[in-house]
Amino acid sequence: MTLQMAQLPLTKLYRPNLALCGPSLTRRYTSLLSSKLNRTSIFRTSSYTHARPLHSAPAWASAAAVLKRKYENAPLPPTSESPNTQEVQPVPLEHLPISRIDERKVVIGFDTEDWARFHHVWLRDHCRCPQCFHPVTKQRLFNTFDIPPDIKPTKVESKSTGLEVLWPSSHPHTSFYPWSWLKQHSYDPPLPQYQLPAPEKILWGSRIEQFPPTVAYEDVMGGDDRGLYKWLSNVEKFGFSFVTGVPPTPEATEELSTRIGFIRETHYGKFWDFTSDLAKGDTAYTTLALGAHTDNTYFTDPCGLQLFHLLSHTDGTGGQTLLIDGFYVASLLKELHPSAYDILSRVPVPAHAAGDPGCVYTTKQYPVLSHTGRDGKLTQVRWNNDDRSTMSHLSASEVEEWYDAIRVWNKHLTSPDSEYWVQLSPGTAVVVDNHRVLHGRSAFDGKRRMCGAYIGIDEYRSKLAVLKERFEAQANGDVVSTDAGGRSVWSPYL
Ligand SMILES: C[N+](C)(C)CCCC[C@H](N)C(=O)O
Ligand SMILES: O=C(O)CCC(=O)C(=O)O
């Protein structure tokens, strides 16, 4: 792509970005720069027309005009924001980005360091004016497939709050994109410094027992949701959190669970209140010890959160709860036994729940350690050796390697450094992120009554996102919800 100089942000012309221009263009820029910069006539406009050949002055000069005006602080023409972008924070004049129309993309120089390019088709597809994007339902109304592959703006204009794009009369439309939104969604190149920061995760071992993440029931149930936000923020950071002061009843525990979202019903029922009576065909309904595991490895989508509240334990001992940070143990495995980490990330582990005559749940395609496609980040631990089905798909050469790997995995899981044993008691509930934290229990005798619930991973993430929107709106960026439906169409989550 040969980028005409007139398309480059003037700030780039001082230091043309070699990524944008070939060597010959750079040389021509340099010589032209020195001549032009000294005798630029001032055009008072902040809008740019099509790219012009390198030698033309107007567009180039108008870039200088914009920059010059910025430093002269001359008032910009009034902005014409589209209705659904109220309260998008304006950019100070001295930081007003410069935009140019390229053959296939719009180039934006956000400042002297950050620039990005957006394909014309991408911009048109992402118009979020009320005609193209439903302001309440946040759904696309515009038909993407009406966009001609060669669509190209007739004009782009840098406004104080964002980029305004005029589309050709063949497809007349004006679009607007807040600067912060464009930075957040930049892809050519990505500008990670403007993207939503990945939530902080604190990996832990047995010493978490000195300061286990805990919130008070009355705070979680409080009307302003701050306590709920703290509880779920604990889960996001640590993978679990206790709640103290919970009335030791199934009713109060169920109400606590539904503060997060609706309960995920399974073949174990909805809200469970269970004891060692084999009411369900699972060893959880016995007095047996349960090794460290995550639940629902036999589901395509294992539950997200799992809440436990011990209601009573009489005439017996044992039944301690085990918690292990699967992400912590995986980090040790990756560091100390990379080949074991690799095969546990590669080999799918079949699992089943077949203890009740009325159901046979099985899955066969998920490995112990799952990662995201793009950055390869660990996203889920699936491990329940008791529920594992027949390993019938291993190649002969993988069998011993796989058993060696789960041996090392188990060794680190069951290490005193990893295991956090805690005796639950009536009044203290615990919620765990079932995609990260493994749980278990020691054997027990006597009469033990445990209640709890599953919450779907999407219900948990949605509630957390809503709470973040409310409590971190200012910190996340400058697009504040004011339009119908209480959420900006420029929300960083959409
Ligand atoms: C939680 N609740 C008692 C209802 C059922 C527990 C089921 C445990 C099952 N083996 C699994 O790992 O998914
Ligand atoms: O009974 C307990 O403490 C935990 C049971 C368990 O691990 C489960 O239900 O998944």
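The values are calculated or read from the model by the stated rules, or taken from the named source; none is laboratory data. Nothing here was measured: the structure is a model prediction, and the numbers come from that model. Note that each Cβ is placed from the backbone with ideal geometry, even for glycine, and that neighbours are counted across all protein chains shown. In case anyone asks, the SASA skips ligands and DNA or RNA and just uses the protein heavy atoms, side chains included. Shrake-Rupley method; radii C 1.70, N 1.55, O 1.52, S 1.80 Å.
Listed by chain and number, the aspartates and glutamates placed with their C-alpha closer than 12 angstrom to that of residue 159 are 81; residues fewer than eight positions away on the same chain are left out. When you filter the GluC sites (Glu not before Pro) in the range 247-327 for DSSP loop state and at most 14 other Cβ atoms inside 10 Å of their Cβ, you are left with 265. Counting only protein heavy atoms and a probe of 1.4 Å, the accessible surface of the range 213-301 is 53% carbon and sulfur.
Placing one identical point scatterer on every Cα of the range 213-324 and ignoring solvent, what is log10 I(q)/I(0) from the Debye formula at q = 0.10, 0.15, 0.19, 0.22 Å⁻¹? The computed values of log10 I(q)/I(0) come out as -0.33, -0.77, -1.24, -1.55.
Ordering of 376-384, 195-203 by packing is 376-384, 195-203, highest average first (other Cβ atoms within 10 Å, averaged per residue). Between residue 379 and residue 174, the modelled label-to-label distance comes to 4.0 nm, taking each label 7 Å out from Cα in the direction of the beta carbon.
The slack between residue 141 and residue 334, meaning 0.36 nm per residue of separation minus the straight C-alpha distance, is 64.9 nm. For residue 237, the aspartates and glutamates whose Cα comes closer than 12 Å to its Cα, not counting residues fewer than 8 places off in the same chain, are 200, 325, 433. Packing order of peptides 122-130, 155-163, 431-439, highest average first: 431-439, 155-163, 122-130 (average count of other Cβ atoms within 10 Å over each peptide's residues). Within the range 433-469, name every residue whose backbone N is under 17 Å away from a label modeled 7 Å from Cα of residue 202 along the Cβ vector. Residues passing the 17 Å test: 433, 437. If you take every residue apart from residue 420 with its C-beta less than 11 Å away from the C-beta of residue 420, what net charge results, scoring Lys and Arg +1 and Asp and Glu -1? Net local charge, residue 420 excluded: -3. If R0 is taken as 51 Å, the Cβ-Cβ distance between residue 394 and residue 249 corresponds to a FRET efficiency of 0.60.
Inter-label distance, residue 462 to residue 354: 3.4 nm, where each label sits 7 Å from its Cα along the C-beta direction.
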